[in-house]
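**Student:** I have a structure here, written as structure tokens, and I will follow up with some questions on it.
The values are calculated or read from the model by the stated rules, or taken from the named source; none is laboratory data. Remember, it's a predicted structure, so these values are computed and weren't measured experimentally. Here Cβ is always computed from backbone atoms with ideal geometry, including for glycine, and neighbour counts include all displayed protein chains.
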Protein chains: 2
Amino acid sequence: MPPTSPATASPVGSTTYSAAQLRTATAALELFARHGVSGTSLQMIADATGVTKAAVYHQFKTKEAVVVAAVDVELGRLEPALDAAEAAAGDPDARSALLGEVIDHAVGRRRMVGTLQHDPVIVRLLSEHEPFQQFMERLFRALLGDRIDATARIRVAMVASAIGGVVTHPLVAGLDDAALRGDLLSLSLRFLSLPD
Amino acid sequence: MPPTSPATASPVGSTTYSAAQLRTATAALELFARHGVSGTSLQMIADATGVTKAAVYHQFKTKEAVVVAAVDVELGRLEPALDAAEAAAGDPDARSALLGEVIDHAVGRRRMVGTLQHDPVIVRLLSEHEPFQQFMERLFRALLGDRIDATARIRVAMVASAIGGVVTHPLVAGLDDAALRGDLLSLSLRFLSLPD
DNA sequence: GTCTATACGCGGATAGAC
DNA sequence: GTCTATCCGCGTATAGAC
């Protein structure tokens, strides 16, 4: 409701962001990925966008609000794929398609993924902020499909962790995106369909 | 060479730590796991061990030195298993045994693993501090075995990430250690021996 | 090995002009 | 929306006594 001009974003919550807010959140996420949330100061964020701290504080009330926006925008990238998967819930290929999109996202945004999954501040946010909580629950439900037993949950958790971790792993540092994407999708699908 | 009394530890480097240093490093790692390295102050570490900041600064020159010690002590827990695996390099079961030990460690020390693998400060340390670099190389080489091609490296990286990530994953938050351990080992082994 | 005391800069955050 | 200026607390780190 607030913004004066462009005001885009496909956020997880219903919030909309001004162009300036979007620039800030994007730059912030990049810095969070490199230094962690706690290791990133508002001064660093301000410098990265070429404004002063006070300008950032005009866009967001607190540093925490910046973090929320950054996570919101990044998670929003998965929303279309998740919507599609839920719409095609009956189709047995729906899960594979969703997994493919998640892998594409993880490979393409390598540097961000580790932060989103493991930074202590973001982890806390993900478990406390309701829109994020609900989004993650939707995502995991779609990936689980019909099975909800312990073994299935371990598998999905392993695949999610493997995808998130492998893209920045030193062992595959030299690999190009295409090769990584291919192997990752094939191996993930075969892993998930391993017999009990 | 410095310590006056107990002086234990099985560190990755050749350093030895005094009893006070060990207490500090252990408490520090616990705090790093909860708040991240950057989110943990020397005051928090001092409070956790019941001494003052100045006492901590007597034990370690800088905060970075505390981080090194904490990582050193934690990685040292894997050293015996790695030594054994290297000694039995011919034995085809050596890798499975090592993987089992790694999984045991990851499950038993759940809270620490994510930090060791993903905290930006520790990641930087792991890639810059030579003893750590060499230790990680030994570990990955032992897990890879004879194969060193891209596909094999992706698999090992996926398993390592999966193990590290799953133990703190919300989807398996309710599971007890024993169940997690069993499924994790069986699934990891089957994943690694999937045909090309 | 631990303490009290202190230096100094940077962190988050606000006020008010343009 | 952005700026300059400022507040205050906490961060890392040091000096010197016990």
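**Student:** Checking B:VAL159 against (1) out of contact with any Ser or Thr (no Cβ under 9 Å at 6 or more places or on another chain); (2) over 27 Å from B:THR40 (Cα atoms), which single condition isn't satisfied?
**Tutor:** (1)
**Student:** Does A:THR26 meet the test of being modelled with pLDDT of 95 or more, within 16 Å of DNA strand D (Cβ to nearest atom) and farther than 26 Å from A:GLN134 by Cβ?
**Tutor:** Details: modelled with pLDDT of 95 or more: yes; within 16 Å of DNA strand D (Cβ to nearest atom): yes; farther than 26 Å from A:GLN134 by Cβ: no.
Considered against the rule, which asks whether it is modelled with pLDDT of 95 or more, within 16 Å of DNA strand D (Cβ to nearest atom) and farther than 26 Å from A:GLN134 by Cβ, A:THR26 comes out as no.
**Student:** List the helices (runs of 4 or more DSSP H) inside segment B:7-62, counting only whole elements, that have at least 1 residues being more than 8 Å from DNA strand C (Cβ to nearest atom).
**Tutor:** Numbers: elements: B:19-35, B:42-49, B:53-59.
Qualifying helices (runs of 4 or more DSSP H): B:19-35, B:42-49.
**Student:** A:ALA54 passes all but one of (1) within 16 Å of DNA strand D (Cβ to nearest atom); (2) more than 14 Å from chain B (Cβ to nearest Cβ); (3) aliphatic (A, V, I, L, M); (4) surrounded by 15 or more Cβ atoms within 10 Å (Cβ to Cβ); which number fails?
**Tutor:** (4)
**Student:** Now for a different question. So which residues in segment A:28-43 are without any contact (Cβ under 8 Å) to a residue 40 or more places away in the chain and facing another protein chain (nearest Cβ under 8 Å), if there are any at all?
**Tutor:** Filtering segment A:28-43 for residues without any contact (Cβ under 8 Å) to a residue 40 or more places away in the chain gives A:31, A:35, A:39-43.
Across segment A:28-43, the qualifying residues are A:HIS35, A:GLY39.
**Student:** Taking B:ARG138 as the residue in question, decide whether it is basic (Lys, Arg), modelled with pLDDT of 95 or more and crowded, with 18+ Cβ neighbours inside 10 Å. Step through it out loud before you land on a result.
**Tutor:** Values: basic (Lys, Arg): yes; modelled with pLDDT of 95 or more: yes; crowded, with 18+ Cβ neighbours inside 10 Å: no.
Spelling it out, it is not the case that B:ARG138 is basic (Lys, Arg), modelled with pLDDT of 95 or more and crowded, with 18+ Cβ neighbours inside 10 Å.
**Student:** So, one more: Looking at (1) crowded, with 19+ Cβ neighbours inside 10 Å; (2) in the same structural domain as A:LEU184 (by TED's automatic domain parsing), which one does A:PHE60 not meet, given that it meets all the others?
**Tutor:** Going through (1) crowded, with 19+ Cβ neighbours inside 10 Å; (2) in the same structural domain as A:LEU184 (by TED's automatic domain parsing) one by one, A:PHE60 breaks only (2).
**Student:** Something else: I'd like the residue in segment A:107-132 that is within 9 Å of another protein chain (Cβ to nearest Cβ) and of a type outside the set (A, V, I, L, M, F, W, C) and, out of all such residues, is farthest from B:PHE32 (Cα to Cα). It would help to see each step written out before you state the result.
**Tutor:** Here is the first cut: in segment A:107-132, the ones within 9 Å of another protein chain (Cβ to nearest Cβ) are A:114-115, A:117-121, A:123, A:126-127.
Of the ones still in play, those that are also of a type outside the set (A, V, I, L, M, F, W, C) are A:114-115, A:117-120, A:127.
Numbers: A:GLY114: 16, A:THR115: 15, A:GLN117: 16, A:HIS118: 12, A:ASP119: 11, A:PRO120: 9, A:SER127: 19 Å.
Filtering first and then ranking leaves A:SER127.
**Student:** Taking into account only those residues within segment A:176-196 that are of a type in the set (Gly, Ala, Ser) and within 21 Å of the chain's Cα centre (by Cα), which is farthest from the other protein chains (Cβ to nearest Cβ)? Walk me through how you get there before you give the answer.
**Tutor:** Just the residues of segment A:176-196 that are of a type in the set (Gly, Ala, Ser), to begin with: A:178-179, A:182, A:186, A:188, A:193.
Checking which are within 21 Å of the chain's Cα centre (by Cα) leaves us with A:178, A:182, A:188.
On the way: A:ALA178: 12, A:GLY182: 10, A:SER188: 8 Å.
The qualifying residue farthest from the other protein chains (Cβ to nearest Cβ) is A:ALA178.
**Student:** Among the residues that make up segment A:153-169, is at least one of them in contact (Cβ under 8 Å) with a residue 40 or more places away in the chain and surrounded by fewer than 16 Cβ atoms within 10 Å (Cβ to Cβ)?
**Tutor:** no
**Student:** Being surrounded by 15 or more Cβ atoms within 10 Å (Cβ to Cβ) and either more than 13 Å from DNA strand D (Cβ to nearest atom) or at pLDDT below 95 (or both), is that true of even one residue in segment B:36-43?
**Tutor:** Let us first name the residues in segment B:36-43 that are surrounded by 15 or more Cβ atoms within 10 Å (Cβ to Cβ), namely B:36-40, B:42.
Right, trim to either more than 13 Å from DNA strand D (Cβ to nearest atom) or at pLDDT below 95 (or both) and you get none.
Checking segment B:36-43: not a single residue is surrounded by 15 or more Cβ atoms within 10 Å (Cβ to Cβ) and either more than 13 Å from DNA strand D (Cβ to nearest atom) or at pLDDT below 95 (or both).
**Student:** Sticking with this one: Which residues, counting only those in segment B:150-175, are at pLDDT 95 or above, part of a loop (DSSP other than H, G, I, E, B) and more than 7 Å from chain A (Cβ to nearest Cβ)?
**Tutor:** Selection gives B:VAL167, B:THR168.
**Student:** Name the residue, out of A:PHE135, A:PHE140, that is in a helix (DSSP H, G or I), at the interface with chain B (Cβ under 9 Å from one of its Cβ atoms) and either of a type in the set (Phe, Trp, Tyr) or touching a Lys or Arg at 6+ places or on another chain (Cβ under 7 Å) (or both). Steps first, please.
**Tutor:** Details: A:PHE135 fails: at the interface with chain B (Cβ under 9 Å from one of its Cβ atoms).
Exactly one of A:PHE135, A:PHE140 is in a helix (DSSP H, G or I), at the interface with chain B (Cβ under 9 Å from one of its Cβ atoms) and either of a type in the set (Phe, Trp, Tyr) or touching a Lys or Arg at 6+ places or on another chain (Cβ under 7 Å) (or both), namely A:PHE140.
**Student:** Checking the structure you have, find out if any residue of segment B:67-74 is more than 16 Å from DNA strand D (Cβ to nearest atom), under 23 Å from B:VAL113 (Cα atoms) and not hydrophobic (A, V, I, L, M, F, W, C).
**Tutor:** Within segment B:67-74, one or more residues are more than 16 Å from DNA strand D (Cβ to nearest atom), under 23 Å from B:VAL113 (Cα atoms) and not hydrophobic (A, V, I, L, M, F, W, C).
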